[in-house]
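S.K.: Okay, here's the structure, questions in a sec.
The values are calculated or read from the model by the stated rules, or taken from the named source; none is laboratory data. For clarity, every value in this text was computed on a predicted model and none was experimentally measured. Positions of Cβ are backbone-derived with ideal geometry, glycine not excepted, and every protein chain shown enters the neighbour counts. These accessible areas exclude ligands, DNA and RNA; they are computed on the full protein's heavy atoms, side chains included. Shrake-Rupley method; radii C 1.70, N 1.55, O 1.52, S 1.80 Å.
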Amino acid sequence: MNVLNGKIAAIETNGSLSIIEIQIGSIFFKTILIETPNSVSYLKEENEVKVIFKETEVVIGKGTEHVVSLQNKITGTINDIEKGALLSKLRIKTSVGIITSIITTSSVLKLDLNVNETVTAMIKTNEIMLSQ
């Protein structure tokens with residue numbers, strides 16, 4: 001496990017979901033929780049917290065083109081974007097069909113994602129299941 005010590009910098013809540021921004025030195029991490037400041041007492045700005053994540057959840061990027069270690073990549077065109085307060089749903093038309101992705105709305109805005117734009121959908125190998 002990776003364990004880092006940080007401080008809550010910002011909290012954005014909608015319904016029962018919260019996006020928490022944590023400052024660790026000069027770096028900011030974000031996480032989404034099915035908790036709110038009303039449901040758990042530690043969710044307060046300036047509170048110190050531990051940021052914990054599995055090694056298997058770390059994606060490696062290299063170079064300015066952000067080439068990554070993920071093996072499951074497929075290019076497609078954004079067919080539709082449903083923007084919510086915290087999360088957005090993207091439907092991406094690919095050669096294998098429509099792939100749906102849910103990412104933070106702040107990422108949609110930061111990346112300036114738009115309908116008819118070409119993107120690459122990436123799925124970690126250990127996140128894929130098989131069924132008969």
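S.K.: So, with a 1.4 angstrom probe, what is the percent of accessible area on segment 28-132 that is carbon and sulfur? Working shown, then result.
M.R.: Details: 4240 of 7960 Å².
The computed percentage sits at 53.
S.K.: I've got another one for you. Divide by every residue of the chain the summed helix terms, -39500 (n - 2.57) for each DSSP H run of at least 4, and state the resulting mean residue ellipticity at 222 nm, rounded to the nearest 500 deg cm²/dmol.
M.R.: Helix contribution divided over all residues of the chain: -1000 deg cm²/dmol.
S.K.: Among the lysines, select those whose C-alpha is under 19 Å from the C-alpha of Lys50, and discard any that sit fewer than 8 residues away in the same chain.
M.R.: In chain and number order, the partners are Lys7, Lys30.
S.K.: Let me ask another. Starting at the first residue of segment 89-100, write each ³J(HN,Hα) from the Karplus equation 6.51 cos²θ - 1.76 cosθ + 1.60 with θ = phi - 60°, in whole Hz, x for Gly and Pro.
M.R.: For segment 89-100, the Karplus-derived couplings read 10, 10, 10, 10, 7, 10, 5, 9, x, 7, 10, 9 Hz, x marking Gly and Pro.
S.K.: Ok, one more. For segment 55-126, what is the accessible area per residue in Å², given a 1.4 Å probe and the full set of protein chains?
M.R.: Working: 4910 Å² over 72 residues.
Accessible area per residue: 68 Å².
S.K.: So, one more: Can you list residues whose amide H is under 5 Å from Lys124's amide H, if they're 5+ apart or on another chain and H is modeled 1.01 Å from N?
M.R.: Close amide H contacts, sequence-distant or interchain: none at all.
S.K.: Given a cut-off of under 8 Å on Cα pairs at least six residues apart, what relative contact order in percent is computed for the chain? Write down the numbers at each step before the final one.
M.R.: Numbers: 224 pairs, mean separation 26.2, N = 132.
Answer for the chain is 20 percent.
S.K.: Rounded to two decimals, what ratio of Rg to Rh does the chain give with C-alpha atoms and a Kirkwood Rh? If you can, show how the numbers build up before the last one.
M.R.: Numbers: Rg = 16.8 Å, Rh = 16.9 Å.
Using only Cα positions, Rg/Rh for the chain is 0.99.
S.K.: Please give the FRET efficiency for Ser69 paired with Glu48, using the beta carbon to beta carbon distance and R0 = 22 Å, rounded to the nearest 0.05.
M.R.: That gives a FRET efficiency of 0.10.
S.K.: Between Leu33 and Thr77, what's the calculated FRET efficiency when r is the beta-carbon distance and R0 is 41 Å? Round to 0.05. List each step's numbers first, then the result.
M.R.: Working: r = 32 Å, r/R0 = 0.78.
After rounding to 0.05, the efficiency reads 0.80.
S.K.: Now a separate question. Give the dimensionless ratio obtained when the Cα radius of gyration of segment 55-126 is divided by 2.2 N^0.38 Å. Intermediate values should be presented prior to the final figure.
M.R.: On the way: Rg = 12.7 Å, N = 72, 2.2 N^0.38 = 11.2 Å.
Its radius of gyration relative to the 2.2 N^0.38 Å reference: 1.13.
S.K.: Using 1/(1 + (r/R0)^6) with R0 = 41 angstrom and r between the beta carbons of Glu21 and Ile98, what's the FRET efficiency to the nearest 0.05?
M.R.: After rounding to 0.05, the efficiency reads 0.85.
S.K.: Within segment 100-132, whose backbone N sits under 13 Å from a point 7 Å along Cα→Cβ of Lys89?
M.R.: Backbone N within reach: 100-103.
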